[in-house]
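Report on the following structure.
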Amino acid sequence: MRTSRLLRTTTSSLLARPQASTAAARLAPFLPTLSAASRTMSSKRVNTANARLSQVSRQFSSSVSMSVSAPKSGSAAGANAALDDNKLVKLLSEGGLRTILLNREKALNALNQQMVDLIDAALDECIQAAACNVILLRGTGRALCSGGDVLAVVKAADSSDAKVRNTALDFFQSEFQLDYKIARLGEAANAHSAGKGAEDARTLTKSKGGELKKPKTFVSVMDGITMGGGVGLSVHAPFRVATERTMFAMPETGIGYFPDVGVTRVLARLDGRIGQYLGMTGARISGEEAYLVGLATHYITSGNIDALAHRLSTLPAESALNPSLVSQALHEFDADPLAANETLAKSAFFGDRRIALDYVFGQLSCESIFSCLDEIASAKADSQAAVELAELGLAQITPEVQAWAQQTLKDLKTKSPRALKITHQAILEARRFDVEEAFRFDMRLATAFCDFSIGRDFYTGVTHVLERDPATGKRRTGIAAWDPPSLDKVSDTQIRAQFFSDLDTARKAGLQMDVPELPSVPAPATSKEARQARDSLLRGKGPLRWEQSHNVFALPSEAECAALLEGNHPAAAAVTPDSAELIDCLKRHKGHLPGLEFKVADWIKRSHRSA
């Protein structure tokens, strides 16, 4: 029998007692095989999310052309970009703005080794340029970036030549170090802007080699498909712009892999259990949802991106040192994320579905997650899940919650059981990591996934999705031949030894590949002051461990709300607010951000239901 585990957060008691004491090619390959009809769909009909995804998959069934379109003509960026359409990555200049433009449109800007190297060089050039204040990352066409070149990785890892096998991790090594550079810019900007009470963040930032000698503010525009490697390029930035075209996902479990590029740490810090849900299911979410859960910091319409870029180019030199100026400029283009009524009504992140999501993905094992989903999908009132959900405020399993559970269970059953178990544990582990530890941790996991002597699901998944069946010449359908084929056959002991233990233990358990060094990622600080600052940061504030310097420019997280109710927040007055005053207090502290009232009110309602 599954062990009962109710996810009762202490926020319920805080809400009830305001006097409480003070103290969320990689994705493109993961998409389902298209029907013949969808493969011939004209571009004029590509309006819905499903149609856009169909186009993603279609591009990967044909050869890649390097002749692509630039941003809209008429913009300064468009005029410069038209000079050479064949460059995979362009560095454009306008005023104090430097735009890194991913320019592999027909491949949906999927990363290969050359692109990673070019982006890295462009980023270094921007950082060194005295006239550069703001760095903007964007992509041509329908995507920021749809993923990375995992087929080349698994082919190298499967080589009979040991030298070739050792090159399999070169792509990840360079990709991770590029993403870390962006994360450092993000960390510095957040620490600078976190305000009173974030001294530990500033101390830790200085300990990593001092303040950046030439600070820059980094903005990532997640317009269109932003998945896998595209998430790595964007989610660590201090400013992340979502639009109505955004399609965000980390669907690596569908190819026998895990959400890498430092994303495990980000998922671990999302509200409730949203991170576990996104990481395990690979669910695709909209730009509105990405903004409301904190994966994006701003929400604008896609048609305003060129105007936004021009506005950023006019900012004074001070914007490199003062990220708040950039945030204010971005807010000039705010759109209403709540206008997408149908999307939000069906979202798993609010209301009844969210109560079920937190309950299900807060279970301690993958087996329990499957069991809970199965019970909810059956909608039996006397099941253990139904009884425990009732105690959490969901009096009955509604048809909407039942349908969500059925679809989620169906989706999970298509994923690699081994990858699901590793991803589940990785996100739990990443909650205790700082930025540097997160990237080294993900490099360690990536190495074990690429070592086919201990498991071949990564190879099986990638080739199942990307390569055609040699017998038929057609794209494969159905579920990949995972090994082991089910959760009960995946050894938890073996997973722990091979993926989460020290290297000596892992080698005894069969690991053969060496974990690449990440030279750009510094070793942990050794000074007492820095170590204490790190530990204080990771402990967080309040019952949900709010990290004040994490994701500063996004909507308030639920952890921040709980910290404010407890009185452990810079905006807290001598008398802590009750739940009715919480929204007004946050508006005074963070500004009248679009969607703030909707998000906080939903959290308050759910918390009261379980009180």
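The values are calculated or read from the model by the stated rules, or taken from the named source; none is laboratory data. No experiment lies behind these values; they were computed from the predicted model shown. Counting neighbours? That spans all protein chains shown, and the Cβs are built from the backbone with ideal geometry, glycine included.
Quick look at the numbers
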{"quantity": "Members of segment 451-465 that are part of a helix (DSSP H, G or I) and either farther than 16 Å from Thr414 by Cα or among the aromatic types (Phe, Trp, Tyr) (or both)", "calculated": "Phe458, Tyr459"}
{"quantity": "Matching residues, segment 437-473, being modelled with pLDDT of 95 or more and either closer than 30 Å to Ala530 by Cα or touching a strand residue (DSSP E or B) at 6+ places or on another chain (Cβ under 9 Å) (or both)", "calculated": "Glu437, Ala438, Phe439, Arg440, Phe441, Asp442, Met443, Arg444, Leu445, Ala446, Thr447"}
{"quantity": "Pair list, Cβ under 7 Å, 6 or more apart: segment 84-112 residue at positive phi and surrounded by fewer than 24 Cβ atoms within 10 Å (Cβ to Cβ), other residue in a loop (DSSP other than H, G, I, E, B) and modelled with pLDDT of 95 or more", "calculated": "Gly95/Thr314"}
{"quantity": "Filter result (assigned to a loop (DSSP other than H, G, I, E, B) and surrounded by fewer than 24 Cβ atoms within 10 Å (Cβ to Cβ)) within segment 283-295", "calculated": "Ala283, Arg284"}
{"quantity": "Subset of segment 296-327 [part of a loop (DSSP other than H, G, I, E, B) and either in contact with an Asp or Glu (Cβ under 8 Å, 6 or more places away or on another chain) or more than 25 Å from Glu187 (Cβ to Cβ) (or both)]", "calculated": "Ile300, Thr301, Thr314"}
{"quantity": "Ile119 out of contact with any Gly (no Cβ under 8 Å at 6 or more places or on another chain), modelled with pLDDT of 95 or more, within 17 Å of Val261 (Cα to Cα) and buried (at least 24 other Cβ atoms within 10 Å of the Cβ)", "calculated": "yes"}
{"quantity": "Odd one out for Ala201, checked against (1) surrounded by 23 or more Cβ atoms within 10 Å (Cβ to Cβ); (2) of a type outside the set (S, T, N, Q); (3) within 25 Å of Ser453 (Cα to Cα); (4) modelled with pLDDT under 95", "calculated": "(3)"}
{"quantity": "Residues that are closer than 20 Å to Ser327 by Cβ and small (Gly, Ala, Ser), drawn from segment 223-277", "calculated": "Ser234, Ala237, Ala242"}
{"quantity": "Index of the failed condition, Leu565 passing every other in (1) in a loop (DSSP other than H, G, I, E, B); (2) within 18 Å of Lys196 (Cα to Cα)", "calculated": "(1)"}
{"quantity": "Residues of segment 313-332 classified as under 26 Å from Ile274 (Cβ atoms) and surrounded by fewer than 19 Cβ atoms within 10 Å (Cβ to Cβ), total", "calculated": "1"}
{"quantity": "Segment 484-499, residues that are assigned to a helix (DSSP H, G or I) and either outside the structural domain of Ala419 (by TED's automatic domain parsing) or surrounded by fewer than 18 Cβ atoms within 10 Å (Cβ to Cβ) (or both)", "calculated": "Asp488, Lys489, Asp492, Thr493, Gln494, Arg496"}
{"quantity": "Where Ala471 falls short, out of the listed (1) of a type outside the set (S, T, N, Q); (2) over 20 Å from Leu511 (Cα atoms); (3) part of a helix (DSSP H, G or I)", "calculated": "(3)"}
